[in-house]
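Enquirer: One structure follows; several queries about it will come next.
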Amino acid sequence: MKISDSMVAAINDQIKAEFDSAYIYLAMSAYLENSGLSGMAHWMNKQYKEEVEHAERFIKYLYERGARVIIPEIAKPKEAYPSAVEVFREAYRHEQYVTSRIYKLVDMAIAEKDYATQSMLKWYVDEQLEEEDNTGSIVAKFEFLGEDKHSVYMIDKELAAR
Ligand code: FEO
């Protein structure tokens, strides 16, 4: 069954959102590295690479459906943040936003009775659950330990192990 033009457009739009996410995390990683927090920067750099994989997974799916892939322009991300905890708060909010986007794609696939796209999106639904949990847990850690130098040092050390 042929994939609809509107679904192809929506997935291409999501490919852009995934590359935008990758760039946001790369910029967050640079900010953290420049702030001397190399463990957190390492964690964020892994996140950047995961986002590129998310985009690539959508690209591969469109190829499988014989649809046209549009390689998007990537938005310039923010360069600076007030503090390390704010970086992770923003990452958490960003993941919630991405989840809402994925859910909209699922709604669309259901409305169009596009079972192949519904099945493909299942992986993203599960992945978003994990990504919200990962970023949310780091924010919770900051809130539990506080933001003094000793706590920040401990969290930095822990995130270096990702
Ligand atoms: Fe691709 Fe972090 O969602």
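The values are calculated or read from the model by the stated rules, or taken from the named source; none is laboratory data. None of the values given here were measured: they were computed from a predicted structure. Backbone-built Cβ (ideal geometry, glycine too); neighbour counts: all protein chains shown.
Enquirer: Pairs, please: C-beta under 9 Å, at least 6 apart or cross-chain, first residue within 18 Å of SER38 (Cβ to Cβ) and in the stretch 75-104, second of a type in the set (Ser, Thr, Tyr) and within 14 Å of the ligand (Cβ to nearest atom)?
Expert: So the pair list comes out as PHE88/THR135; ALA91/TYR25; ALA91/THR135.
Enquirer: Looking only at the stretch 6-49, how many residues end up being hydroxyl-bearing (Ser, Thr, Tyr) and either without any contact (Cβ under 8 Å) to a residue 12 or more places away in the chain or within 16 Å of the ligand (Cβ to nearest atom) (or both)?
Expert: The qualifying residues number 5.
Enquirer: Might you let me know whether the stretch 104-117 holds any residue that is within 18 Å of TYR25 (Cα to Cα) and of a type in the set (Asp, Glu)?
Expert: No, the conditions are met nowhere in the stretch 104-117.
Enquirer: Here is a further query. Which one is nearest to ALA161 (Cα to Cα) among residues in the stretch 50-70 that are aromatic (Phe, Trp, Tyr) and more than 12 Å from the ligand (Cβ to nearest atom)?
Expert: TYR61
Enquirer: Let me ask another. Within the stretch 47-73, work out how many residues are over 15 Å from VAL98 (Cα atoms), under 14 Å from the mean Cα position of the chain (by Cα) and surrounded by 15 or more Cβ atoms within 10 Å (Cβ to Cβ).
Expert: Looking only at that region, the number is 1.
Enquirer: Would you pick out the residues in the stretch 121-159 that are among the aliphatic types (A, V, I, L, M) and either farther than 21 Å from GLU50 by Cα or in contact (Cβ under 8 Å) with a residue 40 or more places away in the chain (or both)? Walk me through how you get there before you give the answer.
Expert: Of all residues in the stretch 121-159, those among the aliphatic types (A, V, I, L, M) come to 121, 125, 129, 138-140, 145, 152, 154-155, 159.
If the condition is that a residue be among the aliphatic types (A, V, I, L, M) and either farther than 21 Å from GLU50 by Cα or in contact (Cβ under 8 Å) with a residue 40 or more places away in the chain (or both), then ILE138, VAL139, ALA140, LEU145, VAL152, MET154, ILE155, LEU159 are the ones that fit.
Enquirer: Looking for whichever is surrounded by fewer than 16 Cβ atoms within 10 Å (Cβ to Cβ) and in a helix (DSSP H, G or I) here; the options are ALA161, ALA80, ALA140. Which one fits? Step through it out loud before you land on a result.
Expert: Values: ALA161 fails: in a helix (DSSP H, G or I); ALA80 fails: in a helix (DSSP H, G or I).
The unique qualifying residue is ALA140.
Enquirer: Would you check if there is a residue in the stretch 83-103 being over 13 Å from the mean Cα position of the chain (by Cα), under 24 Å from ILE11 (Cα atoms) and assigned to a helix (DSSP H, G or I)?
Expert: Yes, there is a match, as at least one residue in the stretch 83-103 is over 13 Å from the mean Cα position of the chain (by Cα), under 24 Å from ILE11 (Cα atoms) and assigned to a helix (DSSP H, G or I).
Enquirer: Go through the stretch 113-162 residue by residue and tally those that are more than 19 Å from the chain's Cα centre (by Cα) and of a type in the set (Phe, Trp, Tyr).
Expert: 4
Enquirer: Has the stretch 145-156 got at least one residue that is more than 23 Å from ILE11 (Cβ to Cβ), within 16 Å of the ligand (Cβ to nearest atom) and assigned to a helix (DSSP H, G or I)? Explain how you work it out, then say what you get.
Expert: Keep residues of the stretch 145-156 that are more than 23 Å from ILE11 (Cβ to Cβ), which gives 145-156.
Filter again for within 16 Å of the ligand (Cβ to nearest atom), leaving none.
So far as the stretch 145-156 goes, no, none of its residues is more than 23 Å from ILE11 (Cβ to Cβ), within 16 Å of the ligand (Cβ to nearest atom) and assigned to a helix (DSSP H, G or I).
Enquirer: Considering each of TYR115, TYR97, TYR103 in turn, give the residue that is of a type outside the set (A, V, I, L, M, F, W, C) and within 12 Å of the ligand (Cβ to nearest atom). Lay out the reasoning, then the answer.
Expert: Values: TYR115 fails: within 12 Å of the ligand (Cβ to nearest atom); TYR103 fails: within 12 Å of the ligand (Cβ to nearest atom).
One residue alone meets the criteria, TYR97.
Enquirer: Continuing with the same structure: Could you pull out the residue among TYR23, TYR31 that is of a type outside the set (D, E, K, R), in a helix (DSSP H, G or I), modelled with pLDDT of 95 or more and under 21 Å from TYR124 (Cα atoms)? It would help to see each step written out before you state the result.
Expert: Values: TYR31 fails: under 21 Å from TYR124 (Cα atoms).
None of the others qualify; the one that does is TYR23.
Enquirer: Which of the residues belonging to the stretch 105-116 are in a helix (DSSP H, G or I) and either loosely packed, with under 13 Cβ neighbours inside 10 Å or of a type in the set (S, T, N, Q) (or both)?
Expert: Within the stretch 105-116, the first condition is being in a helix (DSSP H, G or I), and the residues that meet it are 105-111, 115-116.
Across the stretch 105-116, the qualifying residues are ASP107, ALA111, TYR115.
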